[in-house]
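A.B. asks: Provided herewith is a single structure, encoded as structure tokens, for subsequent inquiry.
The values are calculated or read from the model by the stated rules, or taken from the named source; none is laboratory data. A quick note: this is a predicted structure, and the numbers were derived from the prediction, not measured. Virtual Cβ from ideal backbone geometry, glycine too; neighbours counted across all protein chains shown. Protein only, heavy atoms only, side chains kept; ligands, DNA and RNA dropped before computing areas. Shrake-Rupley method; radii C 1.70, N 1.55, O 1.52, S 1.80 Å.
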Amino acid sequence: MTEVPTPELRPARPFFSSGPCAKPPVWSLEKLNTESLGRSHRAKIGKTRLQLCIDLMREMLQLPDTHRIGIVPGSDTGAFEMAMWTMLGARPVTTLAWESFGEGWVTDAAKQLKLDPTVIRADYGQLPDLTQVDWSNDVLFTWNGTTSGVRVPDGDWIAADREGLSFADATSAVFAYDLPWNKIDVATFSWQKVLGGEGGHGVLILGPRAVERLETYTPAWPLPKVFRLVSKGALAEGVFKGETINTPSMLAVEDAIFALEWAKSLGGLDGLKARSDANAAALDKIVEDREWLSHLATDPASRSKTSVCLSVAGADEGFIKKFAGLLDAEGAAYDIAGYRDAPPGLRIWCGATVDTADIEALGPWLDWAYASLNA
């Protein structure tokens, strides 16, 4: 391989992974509050910090009082499966899949819960025809497909008079878009995406229609303890007031609180959205200026502003592995190879914890890696 001169300027923080994502730019371990560590999460200090985390999430998400927020085990996957196992089966089910995590929910609904769902699919880079959705069904979908870079453009396609529940896996969408909470009955996410938090914990948001389902419907299958949200026919309200189902990591909670307080210092949701928008625009400019680079999501209206997936002309899986490896070895970009089930390409996180200057500095390094491999 002929040596190509390396660019002079490296991204100051070359953390472009799509999960766990970059920490907030002002983050350091020494800045975390540690008074709750080594204490019971059920002690006053633990419950107070858990409630603060919930209150900050509500404020930053601009979530109405009609919706409850719970911290649950198992990251976004655990939160979404908790919702599926406790609420599905009361009505027919429709699942939407245009990337790997949506396909995971199809598998759970069809093979684990054996619900014979209606499945509406689209290829990577495309969005399925949302007009096909029958809202007499419960509907499962990813708001922002992390592995494909495709998102739903808005909530207009969700029926206001729906009979079924809307289940939104929103893990790469919260804190980056305005979400229409009146259209969302169930939403899940994890701190490790737009907040740059630690993994292992999920967040479950329930609207009033989801609470009604929990209190009036009992699924036919047994529920493990960590999925149980109802006690004696009523919602276990403590789960949504910091009384977690299982023992949480208070260090992860403190890390999330730090990120949320940082978000608040930016002006809340508007500040977070502005940073994501600026990062996505900077990466768009890089793509526009290079013939060999393109977006996997061809329609800008449904293109992610957080988990941005790119195609490299003529690249196969081996080329992408070498491409990402070169940038990793140089400390110019970490973890930018596309998801293993996606078409070969790059995946660059543009969420709020990334600095726009680092996206801009990435462009010449992409040129360097491409030229080095083609030299």
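A.B. asks: Pull out all pairs, ordered by first then second residue, where Cβ-Cβ is under 6 Å, the residues are six or more apart or on different chains, the first lies in the stretch 156-170 and is more than 17 Å from Glu212 (Cβ to Cβ) and open to solvent by less than 10 Å² (accessible area, probe 1.4 Å), and the second is part of a loop (DSSP other than H, G, I, E, B) and modelled with pLDDT of 95 or more.
C.D. replies: From residues that are more than 17 Å from Glu212 (Cβ to Cβ) and open to solvent by less than 10 Å² (accessible area, probe 1.4 Å), the pairs are Ala168/Trp143; Ala168/Ile184; Ala170/Trp143.
A.B. asks: Would a scan of the stretch 328-338 turn up a residue that is open to solvent by 40 Å² or more (accessible area, probe 1.4 Å), assigned to a helix (DSSP H, G or I) and at pLDDT 95 or above?
C.D. replies: Yes, the stretch 328-338 contains at least one residue that is open to solvent by 40 Å² or more (accessible area, probe 1.4 Å), assigned to a helix (DSSP H, G or I) and at pLDDT 95 or above.
A.B. asks: Identify all residues within the stretch 172-185 that are open to solvent by 10 Å² or more (accessible area, probe 1.4 Å) and not charged (D, E, K, R); write none if there are none.
C.D. replies: Tyr177, Leu179, Pro180, Trp181, Asn182, listed by residue number.
A.B. asks: Now a separate question. Please go through the stretch 65-104 and pick out each residue that is open to solvent by 10 Å² or more (accessible area, probe 1.4 Å) and among the aromatic types (Phe, Trp, Tyr).
C.D. replies: Of everything in the stretch 65-104, those that are open to solvent by 10 Å² or more (accessible area, probe 1.4 Å) and among the aromatic types (Phe, Trp, Tyr) turn out to be Trp85, Phe101.
A.B. asks: Being farther than 19 Å from Pro300 by Cβ and surrounded by fewer than 19 Cβ atoms within 10 Å (Cβ to Cβ) is the filter here; which residues of the stretch 114-148 pass it?
C.D. replies: Across the stretch 114-148, the qualifying residues are Lys114, Leu115, Asp116, Thr118, Val119, Arg121, Thr131, Gln132, Asp134, Trp135, Ser136, Asn137.
A.B. asks: Having 1 or more residues that are of a type in the set (Gly, Ala, Ser) and open to solvent by 10 Å² or more (accessible area, probe 1.4 Å) is the bar; report the strands (runs of 3 or more DSSP E) wholly within the stretch 186-300 that clear it.
C.D. replies: Result: 293-295.
A.B. asks: Has the stretch 43-60 got at least one residue that is out of contact with any Leu (no Cβ under 7 Å at 6 or more places or on another chain), assigned to a loop (DSSP other than H, G, I, E, B) and either of a type outside the set (Gly, Ala, Ser) or modelled with pLDDT of 95 or more (or both)?
C.D. replies: No, the stretch 43-60 contains no residue that is out of contact with any Leu (no Cβ under 7 Å at 6 or more places or on another chain), assigned to a loop (DSSP other than H, G, I, E, B) and either of a type outside the set (Gly, Ala, Ser) or modelled with pLDDT of 95 or more (or both).
A.B. asks: A further question follows. Name the residue that is nearest to Pro92 (Cα to Cα), counting only residues in the stretch 145-155 that are among the small types (Gly, Ala, Ser) and either without any contact (Cβ under 8 Å) to a residue 24 or more places away in the chain or part of a loop (DSSP other than H, G, I, E, B) (or both).
C.D. replies: Gly155
A.B. asks: I need every pair where a residue in the stretch 121-144 that is without any contact (Cβ under 8 Å) to a residue 40 or more places away in the chain has its Cβ under 6 Å from the Cβ of a residue that is among the charged types (D, E, K, R), sequence separation at least 6 or different chains.
C.D. replies: Trp135/Arg162
A.B. asks: While we're looking at this one, here's another question. From the residues in the stretch 21-37 that are out of contact with any Lys or Arg (no Cβ under 8 Å at 6 or more places or on another chain) and open to solvent by less than 90 Å² (accessible area, probe 1.4 Å), which one is nearest to Pro248 (Cα to Cα)?
C.D. replies: Only one residue tops the list, namely Leu37.
A.B. asks: Identify all residues within the stretch 344-358 that are over 13 Å from the mean Cα position of the chain (by Cα), part of a loop (DSSP other than H, G, I, E, B) and not β-branched (Val, Ile, Thr); write none if there are none.
C.D. replies: Pro344, Gly345, Asp355
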